[in-house]
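Engineer: Supplied in structure tokens, the structure appears directly below.
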Amino acid sequence: HAIGDVAITLPSCAGLRNRFPAARIDFATGREAQALPASTNLFDDVIGVDVRGSRWFRLGRILILGVRLAFRRYELVIDLQRNWMSRLLRRMSLSAAWSEFDRYAPRPAGERVEQAFRSAGVGSGAIAALPIRSELLQRGRELLETKGWNGREKLVLLNPAGLWETRNWPMSNYMEFSRRWMDREPVKFVLLGTDRIREKSAQLEEVLGKSILNLVGETSLDEALAVLQHCSLVLTEDSGLMHMAWTSGIPTLALFGSSRHDWSTPLGEHT
């Protein structure tokens, strides 16, 4: 249900839709990440459930959702989380067949997601492009233009959003990286995310001035995904936005600190 975890599942879901264009495919996730799968054309229904609160409150919500899912009579359920809530939902759905995500193998999460699809007999074996809704793509372009993008300059996203200090690259490095790029060609640097990185975004804006397009705190989750689609490169710490970038097929340079890169590393030749 975390944003990054949801993003990692989407390329395999796109492969599933490509293989079975006429099938009904629904996606259940935490409400805070619901906008991410809903921003694509992959699903017939995106079901959000509140996964906050005490264990008893979450259990009540899962039981209610499980009854709803049972009435839909799914032929297949793929559990892409494999915690107590998702396993309970899978059992309550009474589906004819199921598979589940391997939480512990020392392999990238993207590979383990695809393995869950292959175990169910519906894996494509390839990362498919995400079909972002056209009106959302236009909204992303409009947001960038309101900040001063002329539609021609190259866009590079800077994402100093690692959750802990051990995952943070020094701000002086971001500034030096940006200055060197500006010496080579016209470029705008995009900042996205929540208020958690507002202080860092202000530091970058103070140093880089009009080269910064600062959208921190000004986009919804699906709008952030749409803005990403217009970027040529993403320089990012280990975060949800990192996974949103590489799963979109955008060239992504991911910076890892004191964390398990074998679980989180992005896939593909563009990373």
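Engineer: Charges at C-beta only: +1 for Lys and Arg, -1 for Asp and Glu. How large is the resulting dipole of the chain about its Cα centre, in Debye rounded to 20?
Structural biologist: Computed charge dipole of the chain: roughly 780 debye.
Engineer: A further question follows. Please list the non-local residues whose amide H lies under 5 Å from the amide H of Ile212, H modeled 1.01 Å from N, same-chain partners needing a gap of 5 or more.
Structural biologist: Phe189
Engineer: Identify, among Asn41, Ala28, Ile64, the residue whose Cα sits farthest towards the positive end of the charge dipole of segment 22-74, taking +1 on the Cβ of Lys and Arg and -1 on the Cβ of Asp and Glu, with the dipole about the Cα centre.
Structural biologist: With unit charges placed on the Cβ atoms, the residue in question is Ile64.
Engineer: For the chain, with all protein chains present and a 1.4 Å probe, just round the carbon and sulfur fraction of the accessible area to a whole percent.
Structural biologist: Solvent-exposed carbon and sulfur of the chain make up 52 percent of the total.
Engineer: Let me ask another. Can you list the HN-Hα couplings for segment 161-177, worked out from phi with the Karplus curve (6.51, -1.76, 1.60; θ = phi - 60°), rounded to whole Hz and with x for Gly and Pro?
Structural biologist: Running phi through 6.51 cos²θ - 1.76 cosθ + 1.60 with θ = phi - 60° gives 10, x, 5, 10, 4, 5, 9, 9, 7, x, 4, 4, 6, 4, 5, 5, 4 Hz.
Engineer: Taking the solvent-accessible surface of protein heavy atoms with a 1.4 Å probe, what is the per residue accessible area of segment 50-101 in Å²?
Structural biologist: Each residue of segment 50-101 exposes 64 Å² on average to a 1.4 Å probe.
Engineer: For the chain, what is the percent of antiparallel DSSP beta bridges, rounded to the nearest 5?
Structural biologist: 5
Engineer: First measure r as the distance between the Cβ atoms of Asp50 and Arg180, then evaluate 1/(1 + (r/R0)^6) with R0 = 35 Å and state the FRET efficiency to the nearest 0.05.
Structural biologist: Numbers: r = 45 Å, r/R0 = 1.29.
After rounding to 0.05, the efficiency reads 0.20.
Engineer: What list of ³J(HN,Hα) values in whole Hz, one per residue of segment 185-195 in order, does the Karplus curve 6.51 cos²θ - 1.76 cosθ + 1.60 (θ = phi - 60°) give from phi, with Gly and Pro shown as x?
Structural biologist: Here the 3J(HN,Hα) series is 6, x, 7, 10, 9, 9, 10, 10, x, 9, 4 Hz.
Engineer: Can you pull the one-decimal nm distance between simple spin-label points at Leu59 and Asn83, each 7 Å off the Cα toward Cβ?
Structural biologist: 1.6
Engineer: Determine which residues of segment 247-271 fall in the zone a paramagnetic label at Lys154 would reach in this model, i.e. backbone nitrogen under 12 Å from the point 7 Å along Cα→Cβ.
Structural biologist: What the label zone holds, given the 12 Å backbone N cut-off, is no residue at all.
Engineer: Give the ranking of Thr271, Thr265, Thr9 by solvent-accessible surface, highest area first, calculated with a 1.4 Å probe.
Structural biologist: Output order, biggest surface exposure first: Thr271, Thr265, Thr9.
Engineer: Taking every Cα atom in the chain, find the radius of gyration and the maximum pairwise distance Dmax, and write them in Å.
Structural biologist: 19.4, 61
Engineer: Right, something else. If amide H atoms are built 1.01 Å from N in the plane of the peptide, which residues on other chains or at least 5 residues away come under 5 Å of the amide H of Glu100?
Structural biologist: Amide H to amide H, under 5 Å and 5 or more residues apart or across chains, Glu100 pairs with Asp79.
Engineer: Grab the DSSP H runs of the chain that are 4 residues or longer, score each as -39,500 (n - 2.57), total them, divide by all residues and round the 222 nm result to the nearest 500 deg cm²/dmol.
Structural biologist: Dividing the helical sum by the residues of the chain leaves -13000 deg cm²/dmol.
Engineer: Right, something else. Two decimals is fine: what is log10 I(q)/I(0) at q = 0.14, 0.15 Å⁻¹ for segment 163-271, from a Debye sum with one equal scatterer on every Cα and no solvent?
Structural biologist: Ignoring solvent entirely, the Cα scatterers give -0.57, -0.66.
Engineer: For segment 95-237, what mean projected area does the convex hull of the alpha carbons give, in nm²? Don't skip to the end; give the middle numbers.
Structural biologist: Details: hull surface 46.1 nm².
Averaging across all directions leaves 11.5 nm² for the Cα convex hull.
Engineer: Rounded to two decimals, what ratio of Rg to Rh does segment 1-112 give with C-alpha atoms and a Kirkwood Rh?
Structural biologist: Ratio of gyration radius to Kirkwood radius for segment 1-112: 0.93.
Engineer: Using a 1.4 Å probe, what is the accessible area per residue for segment 1-45, in Å²?
Structural biologist: 42
Engineer: Tell me the per residue accessible area of segment 179-266 using a 1.4 Å probe; a whole number in Å² is fine.
Structural biologist: For segment 179-266, the solvent-accessible area averages 44 Å² per residue.
Engineer: Name the trypsin sites (Lys or Arg not before Pro) in segment 1-40 that are in a loop by DSSP and that have at most 16 other C-beta atoms within 10 Å, would you?
Structural biologist: Arg24
Engineer: Let me ask something else about it. Under the Karplus relation 6.51 cos²θ - 1.76 cosθ + 1.60, θ = phi - 60°, what is the ordered set of whole-Hz ³J(HN,Hα) values for segment 248-265, x standing for Gly and Pro?
Structural biologist: Rounded to whole hertz, the list is 7, x, 7, x, 10, 10, 9, 9, 10, x, 7, 8, 7, 5, 5, 8, 9, 4.
Engineer: Let me ask something additional. Given a Förster distance of 30 Å, report the FRET efficiency between Glu135 and Arg198 from their Cβ-Cβ distance, rounded to the nearest 0.05.
Structural biologist: 0.60
The values are calculated or read from the model by the stated rules, or taken from the named source; none is laboratory data. Please read these numbers as outputs of a predicted model, since none were measured by experiment. So basically every Cβ, Gly included, is an ideal-geometry build from the backbone, and we count neighbours across all protein chains shown. Areas reflect the complete protein model, heavy atoms only, side chains present, ligands, DNA and RNA absent. Shrake-Rupley method; radii C 1.70, N 1.55, O 1.52, S 1.80 Å.
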